[in-house]
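The values are calculated or read from the model by the stated rules, or taken from the named source; none is laboratory data. No experiment lies behind these values; they were computed from the predicted model shown. Every residue, glycine as well, gets a Cβ built from its backbone with ideal geometry; the counts of neighbours run over all protein chains shown.
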Amino acid sequence: MDKIFKHLGDIERKAEKIDKISGKGASSLGMKEMLKLSSKGQSISSCMKKTVKDYENVTPTEAEAQKVITIVTKITTLNEHQMKTVRDDKPAMEKMHVGGLVKKNMVKSEETSKAFWTTLVDKTPEGPLKEEIKALAARVQKAYTETYDLYANATGGEDQDIDAVDDSD
């Protein structure tokens, strides 16, 4: 479980950095910061993939599952806040011609996010903890859907090379 806790801690830390950067508002961000946000999002997806892989052969105890839920609750709250910020900043994103970049990143991370949450739900012991993790997964999915629906027809920025951006923490 140590690897899983490390991955979850990495996700939380990166989500906090995204929240801090995006909290400035899109209108005050330049293309460099927008690309850094995208790169950090990809980095979170990578951590999610590692979590799924390392969780395959682990059965958490109740105490470990509770610790996972504690960390994931923070991640969920950060995710909801980030998605709200992205929705609120849509006019600025369109003005900067990066709405398509937002949509592209959301599509790119969707499969990984679903696998991550499915794994967390599957690995959580039956009972109240399982219901709690399901509720967290539903909150994340709701925030994602609301945001994606807003950007579904967005264009601009899809051609940006986010792989060339430094994602060092």
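Quick notes on this structure:
- Any hit, region 40-48, residues being assigned to a helix (DSSP H, G or I) and more than 11 Å from the chain's Cα centre (by Cα): no
- Within the option set Lys14, Lys6, being free of Cβ contacts under 8 Å to residues at least 40 places away in the same chain and of a type outside the set (Ser, Thr, Tyr) holds for one residue only, Lys6.
- Apart from one condition, Ala154 fits all of (1) in a helix (DSSP H, G or I); (2) within 28 Å of Leu35 (Cβ to Cβ); (3) among the hydrophobic types (A, V, I, L, M, F, W, C); the exception is (1).
- Close pairs from region 58-71: first among the charged types (D, E, K, R), partner modelled with pLDDT of 95 or more and not in a helix (DSSP H, G or I), Cβ under 7 Å, at least 6 apart: Glu62/Pro125; Glu64/Met1
- Of all the listed residues (Ile44, Ile11), the sole one being among the aliphatic types (A, V, I, L, M), surrounded by 20 or more Cβ atoms within 10 Å (Cβ to Cβ), modelled with pLDDT of 95 or more and in contact with a Lys or Arg (Cβ under 7 Å, 6 or more places away or on another chain) is Ile44.
- So Tyr144, is it farther than 17 Å from Lys40 by Cβ and of a type in the set (Phe, Trp, Tyr): no
- Candidate set: region 73-91, residues that are in a helix (DSSP H, G or I) and among the charged types (D, E, K, R); chosen: the one nearest to Asp10 (Cα to Cα): Lys74
- Boolean, Leu37 is under 16 Å from the mean Cα position of the chain (by Cα) and modelled with pLDDT of 95 or more: no
- Scanning region 98-109 for residues that are without any contact (Cβ under 8 Å) to a residue 60 or more places away in the chain and surrounded by 18 or more Cβ atoms within 10 Å (Cβ to Cβ) returns Gly99, Gly100, Val102, Lys103, Lys104, Met106.
- Qualifying residue in region 66-73 (condition: touching a Pro at 6+ places or on another chain (Cβ under 7 Å) and of a type in the set (A, V, I, L, M, F, W, C)): yes
- Consider region 110-150 and keep the residues that are more than 21 Å from Val68 (Cα to Cα) and of a type in the set (S, T, N, Q). The one that is surrounded by the most Cβ atoms within 10 Å (Cβ to Cβ) is Thr147.
- Tally of residues being in a helix (DSSP H, G or I), more than 20 Å from the chain's Cα centre (by Cα) and more than 20 Å from Thr147 (Cα to Cα) across region 92-135: 4
- Unmet requirement for Ile75, which otherwise passes all of (1) farther than 21 Å from Arg139 by Cα; (2) touching an Asp or Glu at 6+ places or on another chain (Cβ under 7 Å); (3) surrounded by 19 or more Cβ atoms within 10 Å (Cβ to Cβ); (4) among the hydrophobic types (A, V, I, L, M, F, W, C): (1)
- Only residues that are closer than 22 Å to Lys95 by Cα and under 11 Å from the mean Cα position of the chain (by Cα) were counted across region 1-34, and they come to 2.
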